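The values are calculated or read from the model by the stated rules, or taken from the named source; none is laboratory data. Everything quoted here is computed from the prediction, not taken from an experiment. Neighbour counts run over all protein chains shown; Cβ positions are idealised from the backbone, glycine included. Surface accessibility is based on the protein's heavy atoms, side chains included, excluding ligands, DNA and RNA. Shrake-Rupley method; radii C 1.70, N 1.55, O 1.52, S 1.80 Å.
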Amino acid sequence: MCGITAYYGDRETCEILLDSMKRLEYRGYDSAGIAVLSKPKISVRKDTGKLDEIEGKLNHGNSKSRAGIGHTRWATHGNVSEKNAHPHTSCDGRFALVHNGIIENWEKLKEGLGEHEFQSETDSEVAAHYIEERAKNKGTEKAIRDFMREAAGSYAIALLDSEEDRLFAVKSGSPMAIGMGEKEIFLASDVYAFSPYTDKVTFMKDGEYAVVEDCDIVVKNTRGEEVGKRVETIRWEQDDSGKGAFDHYMQKEITEIPRSLEKLQNSLETDQRDTLRRFTEKLKDCGKVIFTAAGTSYHASLLGVYFLQKAGVEAQALIASEFENYERVDENTLLVPISQSGETKDVLEAMDYSKQEGAEIASITNVPHSTVERKSDLNLRIRAGQEVCVAATKTFTNQLYVLMKLAESINGTKVENSLMEKIKEAIERNEGQIKKLAEEMKDEKDVYIIGKGETYPVAREIALKLKEISYIHAEGMMGGELKHGTLALVEDGTPVISLIPGKGSDIISNVKEAESRGAKIIEVSPDYGDFYVPENSNGDFAFFSSVLGFLLTYWTARKKGLPVDKPRNLAKSVTVQ
Ligand code: F6R
């Protein structure tokens, strides 16, 4: 699961590649590497670690090379090590490649190759040796076509051929965008990787490969026939203006929540107004609505179910990785994938499956021009801007907002107009209390978070955040489920964060059950506990409790001295199954 990029042109190749790789680091940051065309062999530099720690080592300096490939890795096959980092090369050094995806039959392909010395434990390396073997007699293009016929799984590959001074791209299942500049070509897993250099873009389809030679690109199918491509001009929407006065992106992005919501609100009333209307019509007219998503976006989709059911629309949510095992879709289904990145592999697979079964697809994404967006019949953008921290924060609250707006358009409920102001106030007024609690939380091993109705998904979301960013074991659950197992784990002083919308809430009896077993109850509520929580109505407590949970996670991780924006073992977008 990785980010790949390539460049052919007259600029300083390594500088371009490194810049693009930084934009792709959301796809993985276990290791990184660069290969450039140089005579007589390709030159490769790679290492483990995050790009800002190793970029000096990867940069080949003022090389005169006109072509190069770059990679940021999230380990799947083979541990995190320099030898498993991409690019991988053929035995003779003629070819180097970077790969995103998983070549499922790599062992079989390897067996068929005969005497080849492998340097890594990765599935990717087999492609370099396979192409080397076939290219000897047939030439590189035919070797690539053979590979496309024989390889199973998903791949996007960028390949350098030093003998022919050519760059190739191959795609099946994983994304590959092509950027076209003035006498220069860019390739990457997403368009933002080359956004500073060109806005002319085309997307490769499965079963296509591209040949780049002398800054010209030709895309072909598996029969070697040229394929006409539509070149689009992209309007860039994502901007990373840096951390500014903040210490971490997570802190900045939580603080941006009210402004992100305002931008979304504005967009839903102007440029996306018609899309919102059409989306609402689809929700009302279909037989059933099925949300699918992963991680944080899945928690948003659970709230989507809650809001839509209240609005009288039958809906359910299913984790994308289990979609086919648990779901039956048909032509009466409206599939609603929710994905910040729009690149999550499991979500894309659930979409492909649903499409085959005849379902319509209306998606909710953040990153414009993503694969999810392009595969959908209709798409709403949550307009949260670029989210750099691995933890999804402002994109979660924008997802909730769009879902509330959809429910509002169906049943006429009004979303609180003062919501953004109240969130801002909650962020400002709770800072001291959050820091105090984080000081205690940093030494905890286990935390439980309970919610009910609209806050059950939030409880799960806070638990996800505490695990991924603060490295604390946390479970988020329905209050009523505490007594089915979990209470046995509650000892004197075990923290139970309780999300209580107000006096008389049903969840209070569950809080009491935990308290009477010695739990340390941390109340998030307008009526109880030490936090300032604004009075709430129509689902806005979900926003306040999420924001407080995000802040608590942030300050706990910070007090533990953890790498807040890039936690260990994770990636922002999961582009493999
Ligand atoms: C959590 C987080 C991940 C993502 C998940 C889905 O903070 O960021 O759990 O929510 O990988 O990603 P998207 O929404 O891009 O499909």
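Within the range 144-170, can you find the residues that are among the hydrophobic types (A, V, I, L, M, F, W, C), over 21 Å from T575 (Cα atoms) and part of a helix (DSSP H, G or I)?
Here is the first cut: in the range 144-170, the residues among the hydrophobic types (A, V, I, L, M, F, W, C) are 144, 147-148, 151-152, 156-160, 167-170.
Then keep just the ones that are over 21 Å from T575 (Cα atoms); that gives 144, 147, 160, 167-168.
Those that are among the hydrophobic types (A, V, I, L, M, F, W, C), over 21 Å from T575 (Cα atoms) and part of a helix (DSSP H, G or I): I144, F147.
Do we have Y471 as at pLDDT 95 or above, surrounded by fewer than 16 Cβ atoms within 10 Å (Cβ to Cβ) and touching a Leu at 6+ places or on another chain (Cβ under 8 Å) here?
Values: at pLDDT 95 or above: yes; surrounded by fewer than 16 Cβ atoms within 10 Å (Cβ to Cβ): yes; touching a Leu at 6+ places or on another chain (Cβ under 8 Å): yes.
For Y471, the condition - at pLDDT 95 or above, surrounded by fewer than 16 Cβ atoms within 10 Å (Cβ to Cβ) and touching a Leu at 6+ places or on another chain (Cβ under 8 Å) - is met.
Name the residues in the range 508-564 that are assigned to a helix (DSSP H, G or I) and more than 20 Å from E461 (Cα to Cα), would you?
Start the filter on the range 508-564 by keeping residues that are assigned to a helix (DSSP H, G or I), which leaves 508-515, 540-559.
Those that are assigned to a helix (DSSP H, G or I) and more than 20 Å from E461 (Cα to Cα): I508, S509, K512, E513, A514, E515, K559.
Looking at (1) assigned by TED's automatic domain parsing to the domain that holds K22; (2) outside any strand (DSSP E or B), which is the one condition that is false for V219?
In the conditions (1) assigned by TED's automatic domain parsing to the domain that holds K22; (2) outside any strand (DSSP E or B), V219 misses (2) alone.
Looking only at the range 497-517, which residues are surrounded by 12 or more Cβ atoms within 10 Å (Cβ to Cβ) and under 21 Å from P534 (Cα atoms)?
I497, S498, L499, I500, P501, G502, S505, D506, I507, I508, V511
Do you know which of the residues in the range 330-356 that are more than 15 Å from the chain's Cα centre (by Cα) and crowded, with 24+ Cβ neighbours inside 10 Å is nearest to the ligand (Cβ to nearest atom)? Show your work before the answer.
Pass one, the range 330-356, residues more than 15 Å from the chain's Cα centre (by Cα): 330-336, 350-356.
Add one more test, that the residue is crowded, with 24+ Cβ neighbours inside 10 Å, and what stays is 334-336, 350.
Working: L334: 19, L335: 14, V336: 13, A350: 11 Å.
It comes out as A350.
Just checking, does the range 447-458 include any residue being within 33 Å of the chain's Cα centre (by Cα), more than 16 Å from the ligand (Cβ to nearest atom), open to solvent by less than 10 Å² (accessible area, probe 1.4 Å) and closer than 20 Å to S537 by Cβ?
Residues of the range 447-458 within 33 Å of the chain's Cα centre (by Cα): 447-458.
Those left that are additionally more than 16 Å from the ligand (Cβ to nearest atom): 447-448, 450-456.
Narrowing further to those that are open to solvent by less than 10 Å² (accessible area, probe 1.4 Å): 447-448, 450-451, 455.
Next cut, closer than 20 Å to S537 by Cβ only: 451, 455.
Within the range 447-458, one or more residues are within 33 Å of the chain's Cα centre (by Cα), more than 16 Å from the ligand (Cβ to nearest atom), open to solvent by less than 10 Å² (accessible area, probe 1.4 Å) and closer than 20 Å to S537 by Cβ.
So that you can scan it fast, the table gives a plain yes or no per residue for (1) open to solvent by 10 Å² or more (accessible area, probe 1.4 Å); (2) in the same structural domain as Y532 (by TED's automatic domain parsing); (3) farther than 14 Å from I338 by Cβ; (4) not in a helix (DSSP H, G or I):
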residue	(1), (2), (3), (4)
L380	no, no, no, yes
V388	yes, no, yes, yes
N398	no, no, no, no
V402	no, no, no, no
I410	yes, no, yes, no
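Can you tell me which residue is farthest from T393 (Cα to Cα) among those in the range 260-284 that are part of a helix (DSSP H, G or I) and without any contact (Cβ under 8 Å) to a residue 40 or more places away in the chain?
Residues of the range 260-284 that are part of a helix (DSSP H, G or I), as a first pass: 260-269, 273-284.
Now narrow it down to the ones that are without any contact (Cβ under 8 Å) to a residue 40 or more places away in the chain: 266, 269, 273-274, 281.
Values: N266: 20, E269: 23, R273: 24, D274: 27, E281: 29 Å.
Across the range 260-284, the extreme among qualifying residues is E281.
Could we say that E373 is in a loop (DSSP other than H, G, I, E, B) and either within 22 Å of Y298 (Cβ to Cβ) or open to solvent by less than 50 Å² (accessible area, probe 1.4 Å) (or both) here? Steps first, please.
On the way: in a loop (DSSP other than H, G, I, E, B): no; either within 22 Å of Y298 (Cβ to Cβ) or open to solvent by less than 50 Å² (accessible area, probe 1.4 Å) (or both): yes.
No, not satisfied.
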